[in-house]
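A short worksheet on the structure shown next.
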Amino acid sequence: MHPLLAGALALATVACDHDPPPTPDEPAEHIGDVLPLLSPAAPEALPRDRQAMLAALAPLPTDALLVVYAIEGPAGIEGTLEVLARPGGHRRENWTIEVPLGDEGTRRLAGSTIQTPDGVWIEGREPSTLAPSPLGALADAALALDDDQRRTVLDQLARHRATLASARADEPPPSARVLDVPCHVTRVATIEMCMWEATGLPLRYESDALRLRAVNIDLDASIGEHAFDLPFEAPRARPEFDAPQALRRLLEGDLSALAPYLHPGLRLPTA
């Protein structure tokens with residue numbers, strides 16, 4: 001299950017066993033020429049600080065992204081989900097769900113999830129310790145390398161991404177567009193998803209339990225200064241991931257230890 005959908009799908013199970021009737025797709029709205037923004041750009045200079053190194057490790061096609069979704073579930077469940085993102089592994093999800101309760105009215109549920117390079121915090125979930133994220137440790141370890149080694153790391157990452165891009169070039173072009181952004185449609189059993197690969201975000205998702213569709217994409221979003229701040233009271237957990245060892249293997253051409261962290265997505269694997 002895609003992490004973006006986990007909370008909404010859990011809420012959908014409290015309703016009944018049937019989806020609402022499907023509605024026709026609405027025409028895509030034009031947001032301008034987004035094609036140059038579909039692939040993250042390689043860093044032009046050798047990263048000298050943590051922010052630049054994080055952006056090189058986890059790039060995005062824009063510096064401030066906002067995607068807003070409409071959610072529809074069984075028994076009249078509906079709501080919204082907004083995802084804010086910056087390069088370097090910063091993501092935030094804010095969701096609101098309205099659950100009809102028959103004669104008792106409607107119950108409103110809301111929450112947030114924040115991911116940074118150093119941890120993931122999910123509002124209301126116990127325990128309150130952050131799930132550790134290894135991206136920050138990777139950036140720190142890369143900055144500790146000498147310039148030649150750091151350039152080799154970046155060259156290896158660029159080569160890996162070029163290989164993936166070349167493989168995608170041999171595939172059929174994106175088969176759909178949502179809000180003027182091309183996305184690749186995949187189907188597994190009764191689930192259909194249209195993925196914006198450069199960001200790792202689905203722009204459309206449909207299953208027996210849930211319908212989710214992007215209704216607004218802002219490539220130059222106004223994101224608050226503290227949008228990705230973690231609660232100061234949440235204890236930080238140290239990742240077990242051995243970042244220096246992973247980079248040593250990368251310098252030798254072995255990307256296996258880093259592979260889970262080289263693909264864009266809503267949340268990086270924790271370790």
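Residues of the range 49-92 with amide nitrogen under 12 Å from the 7 Å Cα-to-Cβ point of Asp220? Label zone hits: 63-64. Scanning residues 5 or more positions from Ala131 or on other chains, those with amide H under 5 Å from its amide H are Val120, with H placed 1.01 Å from N in the peptide plane.
Each 5 Å bin from zero up to the one holding the largest Cα-Cα distance in the range 173-220 carries the following percent of pairs: 5, 22, 33, 23, 12, 4, 1, 0. Each residue of the range 162-167 was assigned a 3J(HN,Hα) from its phi angle through the Karplus expression (A = 6.51, B = -1.76, C = 1.60, θ = phi - 60°), giving 5, 5, 5, 5, 5, 5 Hz with x at Gly and Pro. For the modelled label position 7 Å from the Cα of Thr163 along Cα-to-Cβ, which residues of the range 179-213 have backbone nitrogen atoms closer than 14 Å? Those under the cut-off are none; the list is empty.
Per-residue extension of 0.36 nm, minus the Cα-Cα distance of Glu78 and Ala176, leaves a gain of 32.9 nm for this segment. With 0.36 nm allotted per residue and the present C-alpha distance subtracted, the Leu46-Leu230 stretch has 63.4 nm of extension available.
Values quoted throughout were computed directly from the atomic coordinates according to the rules given, and no laboratory measurement underlies them. Model, not experiment: these values are computed from the prediction. Using ideal geometry, Cβ is built from the backbone for each residue, glycine included, and neighbour counts are taken over all protein chains shown.
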